[in-house]
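All remarks here apply to the structure that follows.
No lab work stands behind these numbers, since they all come straight from the coordinates. In this text the structure is predicted, and so the values were computed from the model without any measurement. Using ideal geometry, Cβ is built from the backbone for each residue, glycine included, and neighbour counts are taken over all protein chains shown.
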Amino acid sequence: MNAALTQEQIDFFEENGYLRIERITTDEDIAEIKESYDRIFAERAGREDGNQFDLAGVDEDNEEASLPQILEPARYAPELNDSLLLQNADRICKQLIGEEPNCVVAHAILKPARHGSETPWHQDAAYWDPNIIARSISIWVPLQAATEENGCMLFVPGSHLLDVLPHRSIGDDPRIHGLELDPSAMEHVRGAVACPLPPGGCTLHGGYTLHYAGPNRTDEPRRALILAAFVDGPRRAKPISFPWQEEKRTKSAEKRRAAQSQRA
Ligand code: NI
């Protein structure tokens with residue numbers, strides 16, 4: 001199965017900053033991905049090197065994470081790189097932002113049953129180098145149906161035209177990895193569109209598009225895999241910094257620093 005965007009879908013993405021696609025890969029491919037996904041979370045893959053951490057909590061090793069995330073999951077499950085999903089995602093990204101960047105399996109975010117917290121409103125670019133205007137596509141792929149009850153994605157149409165808005169650490173706690181839109185900027189959240197999906201579907205968004213996913217209120221875990229293609233755009237003429245990045249005091253950042261100094 002080869003997925004590709006129609007001109008109508010490309011136009012929709014350019015106008016709104018997001019797109020919902022009913023099917024990007026087969027049920028069989030999703031079933032295989034789900035097996036790898038469950039294995040690496042069960043193994044707590046990446047925990048030691050700071051690539052698995054709690055996006056929404058203070059991340060004590062002995063506490064259950066409320067929003068566990070694994071960065072670069074294909075490091076721990078290389079078979080993900082052979083998935084039909086990645087092939088199709090790569091083709092779609094190239095349609096939108098050109099041949100240069102390759103799409104990669106960027107991260108996995110798990111919302112445990114009756115437990116996962118919300119992913120608050122944010123722009124992905126708030127996490128990135130403040131001085132590069134990036135061009136990026138993120139592809140959010142649920143490994144089961146995504147509904148408003150289990151935390152499907154919501155987007156603010158047209159918000160991709162905004163610059164990075166003020167953000168802060170979730171709950172204004174710099175020990176927490178995740179970011180949220182600063183309350184002073186919440187006025188930009190209006191006309192949000194929920195994007196429920198069947199299994200095998202996905203959503204696409206750009207780095208500046210405001211998005212949100214609710215908590216998981218169901219009895220099943222909500223598994224999502226995020227693929228991304230990223231290309232550096234122009235540098236800002238006047239350098240700026242994002243205060244919410246400089247104040248971070250997360251456990252995973254400490255672990256990454258420790259792992260790096262051991263290698264050095
Ligand atoms: Ni995001």
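In 10 Å bins starting at zero, report the fraction of Cα pairs in the chain per bin as a rounded %.
Going out from 0 Å in 10 Å bins, the chain shows 7, 30, 40, 21, 3, 0 percent.
Averaging sequence separations of C-alpha pairs under 8 Å and six or more residues apart, then dividing by the length of the range 7-263, give the relative contact order as a whole percent.
31
For n ≥ 4 DSSP H runs only, could you compute -39500 (n - 2.57) per run for the chain, divide by its residues and tell me the 222 nm figure to the nearest 500?
Calculated mean residue ellipticity at 222 nm is -6500 deg cm²/dmol.
At a Cα cut-off below 15 Å, give the aspartates and glutamates reachable from LYS34, other chains included and same-chain residues fewer than 8 away excluded.
Once the sequence-local aspartates and glutamates are set aside, what remains near LYS34 is GLU43, GLU79, ASP82, GLU220.
Could you tell me which of rounded, prolate or oblate describes the range 61-204, using a ≥ b ≥ c as the square roots of the eigenvalues of the alpha-carbon gyration tensor, with rounded for a/c under 1.5 and, failing that, prolate when a/b is larger than b/c and oblate otherwise?
Numbers: a/c = 1.40, a/b = 1.14, b/c = 1.23.
Rounded is the answer for the range 61-204, as its axis ratio a/c remains below 1.5.
So, by mean Cβ neighbours within 10 angstrom, what's the order for 143-152, 164-173 with the highest one leading?
Values: 143-152: 20.0, 164-173: 18.0.
So the peptides 143-152, 164-173, ranked by packing, come out 143-152, 164-173.
Mind ordering 211-222, 23-34 by average Cβ neighbours within 10 Å, highest first? Walk me through the intermediate numbers first.
Values: 211-222: 19.3, 23-34: 17.2.
Descending packing order for the listed peptides: 211-222, 23-34.
Taking the simple approach of a point 7 Å from Cα along Cα-to-Cβ for both ASN81 and ALA4, what is their distance in nm?
2.6
Measuring from label point to label point, each 7 Å out along Cα→Cβ, what is the GLU149 to HIS115 span in nm?
The answer from the label model is 2.0 nm.
With a ≥ b ≥ c the root eigenvalues of the C-alpha gyration tensor of the range 125-221, is it rounded (a/c under 1.5), prolate (a/b larger than b/c) or oblate? It would help to have the intermediate numbers written out before the result.
Values: a/c = 1.76, a/b = 1.42, b/c = 1.24.
Cα axes put the range 125-221 in the prolate bin.
Starting from the Cα-Cα distance between LYS238 and ASP182, subtract it from 0.36 nm times their residue separation and give me the gain in nm to one decimal. It would help to have the intermediate numbers written out before the result.
Working: separation 56, 0.36 × 56 = 20.16 nm, distance 2.28 nm.
Fully extending the segment from LYS238 to ASP182 adds 17.9 nm.
Among the aspartates and glutamates, which have Cα under 14 Å from the Cα of LYS255 when same-chain residues fewer than 8 positions away are ignored?
Hits, sequence-local ones excluded: GLU48, ASP49, ASP54, ASP59, GLU60, ASP61.
Find the centroid of the Cα atoms in the range 192-210 and in the range 64-105, then give the distance between the two in whole Å.
The range 192-210 and the range 64-105 have Cα centres spaced 16 Å from each other.
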